[in-house]
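Notes follow the structure.
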Amino acid sequence: MHRTLWDRAPHLEGATVLDGAGDPQLPVLATAGERFDTVISVFQLASASDLDATLRAVRAVLADDGRLLFVEPGSQVGLTGRLQRLVAPPLGGVTGWRADRDIPMALRAAGLSVIDIRRHRVPTVQLWLRQVLDGVAHHALPPGGGAETAPETAPS
């Protein structure tokens, strides 16, 4: 289906489209030194078989000022969160999809900063899928906010 939609976007000519987080082309692009201004993930991080490796590859293909736009299921708290964590392993075994992943935490662990995030409540009878996150992440700044500090000199 994404190819049909892709054909409707001629202004994006030259863009690279991958078939999900497990697309074997992602690590190839990362090791080849390819860089992109924007990477978009819609429910792909929840289905990545190795989330850490996927996020390392995404970080590697992001340009220095690039951004990751994501829409992913949100991990929940309370009774619904317990139900989500209970259902996630068998659901993941069948579908390969883990709705209980803490995506913002995984992004931070991979060296990305989440700079904008919104939580949406989805009306569904599937309690474990009631929260969806959409957000933006980019390369984490080094300590000090990325500003170069000049060495202090002793007064003369």
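Report yes if GLY92 is in contact with a Lys or Arg (Cβ under 7 Å, 6 or more places away or on another chain), modelled with pLDDT under 75, surrounded by 16 or more Cβ atoms within 10 Å (Cβ to Cβ) and not in a loop (DSSP other than H, G, I, E, B), otherwise no. Taking the combined requirement at face value, the residue satisfies it. Residues of the range 55-78 that are closer than 16 Å to ALA30 by Cα and touching a helix residue (DSSP H, G or I) at 6+ places or on another chain (Cβ under 7 Å): LEU55, ALA57, ALA60, VAL61, LEU68. Residues in the range 117-131 include at least one that is of a type outside the set (Val, Ile, Thr), at pLDDT 90 or above and in a strand (DSSP E or B).
Restricting to the range 24-65, and then to whatever is crowded, with 16+ Cβ neighbours inside 10 Å and assigned to a loop (DSSP other than H, G, I, E, B), can you tell me which residue is farthest from the chain's Cα centre (by Cα)? Once the filter is applied, the top-ranked residue is ALA48.
Evaluate the following for GLY81: is it farther than 22 Å from THR124 by Cβ and not hydroxyl-bearing (Ser, Thr, Tyr)?
On the way: farther than 22 Å from THR124 by Cβ: no; not hydroxyl-bearing (Ser, Thr, Tyr): yes.
No: the conditions fail for GLY81.
So that you can scan it fast, the table gives a plain yes or no per residue for (1) at pLDDT 80 or above; (2) farther than 23 Å from ARG108 by Cα:
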residue: ARG3; (1), (2): no, yes
residue: GLY33; (1), (2): yes, no
residue: ASP37; (1), (2): yes, no
residue: SER75; (1), (2): no, no
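Have a look at VAL77, VAL71 and point out the one that is among the β-branched types (Val, Ile, Thr) and free of Cβ contacts under 8 Å to residues at least 60 places away in the same chain. Just one listed residue meets the conditions, VAL77. When the residues of the range 67-86 are filtered to those that are in contact with a strand residue (DSSP E or B) (Cβ under 9 Å, 6 or more places away or on another chain) and in a helix (DSSP H, G or I), the one that is surrounded by the most Cβ atoms within 10 Å (Cβ to Cβ) is GLN84. Taken together, ARG56, ARG108, ARG35, ARG121 contain a single residue that is under 14 Å from GLY135 (Cβ atoms) and of a type in the set (D, E, K, R), which is ARG108. For first residues located in the range 111-124 and on the phi > 0 side of the Ramachandran plot, partners that are not in a strand (DSSP E or B) and lie 6+ apart or on another chain with Cβ distances below 8 Å form the pairs GLY111/ARG59; GLY111/ALA140.
The values are calculated or read from the model by the stated rules, or taken from the named source; none is laboratory data. Treat the numbers as computed from the prediction; the structure is a model and nothing was measured. Because the Cβ atoms are built from the backbone with ideal geometry, glycine has one as well, and the counts that use them run over all protein chains shown.
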